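Asks: Sharing a structure with you now.
Just so it is clear, none of the values below were taken in a lab; they were calculated from the coordinates. In this text the structure is predicted, and so the values were computed from the model without any measurement. Note: ideal-geometry Cβ built from the backbone for every residue, glycine included; neighbour counts use all protein chains shown.
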Amino acid sequence: MRARRGFIERSIADITATLEKAIFSEELARKEGLLQNLDPRMKVITFLALLLAVSLSQGLLIIVALYFLTLLLAWRSRIPLGFFIKRVWLFMPFFTGMVALPALFNIFTPGEPIVTLWQTERFHLAITIQGLRTATFLVLRVGVSVSLALLSVLTTPWATLLKALHILRLPQVFILILGMAYRYAFLLLHTANSMFLARQSRTVGQMPGGENRRWIAASASTLLAKSYHLSQEVYLAMLSRGFRGEAQMLDTFRLKPSDWLWGATLLALALLAVLM
Amino acid sequence: MKMRKEPIFELERVSFTYDGKVTALREVSLAVAAREKIALLGANGSGKSTLLMILAGLYFPALGQVRAFGNALTEEAFKDESFAFSFRRKVGLLFQDPDVQLFSPTVWDEVAFAPLQLGLDQEEVVSRVEEALRLLRIESLRDRAPHRLSEGEKKKVAIASILSLHPEVWLLDEPTAGLDPRTESWFLDFICQLNEVGHTVITATHDLDAVDLIADRIYVLSEENRLIAQGTRQEILSDRELLLRCNLTHEHRHRHERLEHAHPHRHPERHIHPHE
């Protein structure tokens, strides 16, 4: 019989699984594909331009066309399309859908009704053409933007993406901290998982709720103490290798003619999408 | 044993306590000359790691004096940029836990960290990183995240991260701990080679078999955190009473047919006794 796992235990296991998925994403980022071969700085700039185009464009068809362009890029970058589409659209109804829902109705977006839901002498509730258009715009804009962001993350290793962000004048020490946080989150989550497993191996049956909570509180404090000790040691390791408060980083990016061609084409497309 | 050469490290009656409560070292005095191969031998908790931290200019004792390369090694001295720069270039420290030392997002970034912090130009940094990766035969790991490596690989990357610094002095904290036999043997050879090409190597360990290979001179720390002996490898390793007293070996009871007897686990001479 399998022991039932508590909320915290499940959460930690789920976070670890999510991070493991991030590793899977790194595998995609290291495949040979169209976007993987691009200079990451150019990729960041052009994807930002496309995001702007999606936000500013006034044509539904143009946004749909930009989504198909995103799918085409994902396909040429050897990203499994089923996984890519599901990862974006599966959660869209829960988040953007909820926000967009009120916009459908005449209360928030007055206009020509297409479906009347409730009609009395004093009150009229209907879905309007204008409301439908507004909600569709919102859902599509968010969906395509998330797809673009996801595509850039999936096709660029995390460390490279961070370095490329320096082009947006993100301070180097911030990039260093982000990179280290990502790296040590893995270590501490694995430690937390091992602590739960170690307890499980010594537990028979169900533990009383109070005792369970005490154990979780004690584990949390142990983990905090461990992470504090680790951070001190890491700092010493950095000092011993010459760190003096200002991080120096090196990017070995080189722009190829194909990167310039990509940049020019995508920037022109983005501009066209806004102007049309 | 008297040193013929000018010492590069001199410690005089150094005592160190953590938070003013836990004593890690009591009145330790020692001297190390350039190109020496030294071991700091002691049981767990004897203060060897703390001693290495002091030699690396990361901990500063409240009592006693530390001199390195003719200068006092104090917190104040490290405020002088040129001194800090020159000291960090000369001394490399390998931490016992590679997870402490490997904080960068990729192996390449890890190996490049020290030369970058020391302000070397881009070409020199790239050349040093490539050289270190090649010498340790870990070129294939260059884009990997350090936390996804095996323990042996992590240790090699940690060594490469110091190798790229080109230090004169290597401080090694329990370098063979947790390594499989093949990697351990490779690492012991590597330490010997470092010394053969002119580096000073100071190793903190309690592994008597490793000491046999990686030290010409040994300092022994007691469980009371005092330096209680120093001498050549032969002098120290043949002093069974000393090794037993410092918890570096133990009495080993076993049976030879009908004869049962006990002796230290390690004995330099052949094990001969009459059998009935």
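Asks: Which semi-axis lengths, in whole Å and largest first, follow from the square roots of five times the eigenvalues of the Cα gyration tensor of the stretch B:1-132?
Replies: Taking √(5λ) for each eigenvalue gives 28, 18, 16 Å, largest first.
Asks: Same structure, new question: Once the Cβ-Cβ distance between A:V64 and A:I15 is put in as r, and R0 is 45 Å, what FRET efficiency do you end up with, to the nearest 0.05?
Replies: 0.80
Asks: With an 8 Å cut-off on Cα pairs and a minimum separation of 6 or more residues, tell me the relative contact order of chain A in percent.
Replies: That works out to 31 percent.
Asks: Just name one of B:C192, B:P7, A:V153: the one whose Cα is farthest towards the positive end of the charge dipole of the protein assembly as shown (beta-carbon charges, Lys/Arg +1, Asp/Glu -1).
Replies: A:V153
Asks: Could you compute Rg(Cα) / (2.2 N^0.38 Å) for chain A, with N its residue count?
Replies: Taking the Cα Rg and dividing by 2.2 N^0.38 Å, one obtains 1.32.
Asks: Please report, in cubic angstrom per residue, the volume enclosed by the convex hull of the alpha-carbon atoms of the stretch A:27-66.
Replies: 78
Asks: How much mean residue ellipticity at 222 nm does chain A get from its helices, if each DSSP H run of length 4 or more adds -39500 (n - 2.57) and you divide by all residues, to the nearest 500 deg cm²/dmol?
Replies: That calculation yields -22500 deg cm²/dmol at 222 nm.
Asks: Which Rg and Dmax, in Å, describe the Cα atoms of the stretch B:65-140?
Replies: Expressed in Å, the Cα Rg and Dmax of the stretch B:65-140 come to 14.7, 45.
Asks: Rounding to the nearest 10 and keeping the result within 0 to 90°, find how far the Cα-based axis of helix B:107-117 lies from the longest principal axis of chain B.
Replies: Its long axis makes an angle of about 70 degrees.
Asks: Sticking with the crude label model, points 7 Å out along Cα→Cβ, report the distance from A:Q172 to A:L197 in nm, one decimal please.
Replies: The answer from the label model is 3.9 nm.
Asks: Within a Cβ distance under 11 Å of B:L120, other residues only, what is the Lys/Arg minus Asp/Glu net charge?
Replies: In short, -1.
Asks: Points 7 angstrom from Cα along the Cβ direction at A:L72 and A:S227: gap in nanometres?
Replies: 4.5
Asks: Then there is this: Would you look at the GNM of chain B, springs on alpha carbons closer than 10 Å, and say which of B:T205, B:T50, B:T23 moves the most?
Replies: B:T23
Asks: Using only alpha-carbon positions, what ratio does the radius of gyration of the stretch A:80-154 give when scaled by 2.2 N^0.38 Å?
Replies: 1.39
Asks: Calculate the spin-label point distance for A:R122 paired with A:A218, positioning each point 7 Å from the Cα along the beta-carbon direction, and give it in nanometres.
Replies: Once both label points are built, they end up 6.3 nm from each other.
Asks: Here's a follow-up. ³J(HN,Hα) across the stretch A:162-168 via Karplus (A = 6.51, B = -1.76, C = 1.60, θ = phi - 60°), whole Hz, x for Gly/Pro?
Replies: Once rounded to whole Hz, the list reads 4, 4, 5, 5, 4, 5, 8.
Asks: For peptide A:247-257, compute the average count of partner chain beta-carbon atoms within 10 Å of each residue's beta-carbon.
Replies: 3
Asks: Rounding to the nearest 10 and keeping the result within 0 to 90°, find how far the Cα-based axis of helix B:151-163 lies from the longest principal axis of chain B.
Replies: 60
Asks: Taking amide H atoms as placed 1.01 Å from N in the peptide plane, list the residues 5 or more away in sequence, or in a different chain, whose amide H sits under 5 Å from that of A:A247.
Replies: A:V173
Asks: Still on this structure, I have one more. Suppose R0 equals 35 Å; then what is the FRET efficiency for A:L267 and B:S140 from their Cβ-Cβ distance, rounded to the nearest 0.05?
Replies: 0.40
Asks: Oh, and also: If r is the Cβ-Cβ distance from B:V197 to B:S238 and R0 is 30 Å, what FRET efficiency results, to the nearest 0.05?
Replies: Given R0 = 30 Å and the Cβ-Cβ separation, E is 0.55.
Asks: Can I ask one more? Debye sum, Cα scatterers, the stretch B:167-249, no solvent: what log₁₀ I/I(0) at q = 0.11, 0.15, 0.17 1/Å?
Replies: -0.30, -0.56, -0.72
Asks: Gap in Å between the Cα centre of the stretch A:125-147 and the Cα centre of the stretch A:210-258?
Replies: A separation of 42 Å, based on Cα centres.
Asks: With a cut-off of 15 Å, note down the residues of the stretch B:85-110 whose backbone N falls inside the zone around a label point 7 Å from the Cα of B:E151 toward its beta carbon.
Replies: Residues B:96-100 fall inside that zone.
Asks: Let me ask you something else. Note the per residue figure in Å³ for the convex hull of the C-alpha positions in the stretch A:123-276.
Replies: For the stretch A:123-276, the hull spanned by Cα atoms encloses 271 Å³ per residue.
Asks: For the stretch B:88-97, what does the Karplus curve 6.51 cos²θ - 1.76 cosθ + 1.60, with θ = phi - 60°, yield as ³J(HN,Hα) per residue in whole Hz, taken in order and with x for Gly and Pro?
Replies: 5, 5, 8, 10, x, 10, 9, 6, 5, 9
Asks: With just the Cα atoms defining each centre, how far is the stretch A:55-75 from the stretch B:1-73? Give it in Å.
Replies: 65
Asks: Relative to the longest principal axis of chain A, what angle (0 to 90°, nearest 10) does the C-alpha long axis of helix A:7-29 take?
Replies: 70
Asks: Could I ask something else about it? Per residue of the stretch B:183-191, what does 6.51 cos²θ - 1.76 cosθ + 1.60 with θ = phi - 60° give for ³J(HN,Hα)? Whole Hz please, x for Gly and Pro, Karplus curve as stated.
Replies: 5, 4, 5, 4, 5, 5, 4, 4, 4
Asks: Let me know the number of lysine pairs in the stretch B:7-237 closer than 27 Å at the Cα, not counting same-chain pairs under 8 apart.
Replies: 16
Asks: Name the residues of the stretch B:51-85 whose amide N is less than 14 Å from a point 7 angstrom out from the Cα of B:E124 along the C-beta direction?
Replies: Under 14 Å, as judged by backbone N against the label point of B:E124, lie B:85 of the stretch B:51-85.
Asks: Right, something else. Cα atoms only, the protein assembly as shown: Rg and Dmax in Å?
Replies: Taking only Cα atoms of the protein assembly as shown, I get Rg and Dmax of 31.1, 116 Å.
Asks: Run through every distinct alpha carbon pair of chain B and return the Kirkwood hydrodynamic radius in angstroms, one decimal place.
Replies: By the Kirkwood definition, the hydrodynamic radius is 20.1 Å.
Asks: Mind listing which chymotrypsin sites (Phe, Trp or Tyr not before Pro) in the stretch A:52-91 are in a DSSP loop and have 15 or fewer other Cβ atoms within 10 Å?
Replies: Passing both the DSSP loop test and the Cβ count: A:F91.
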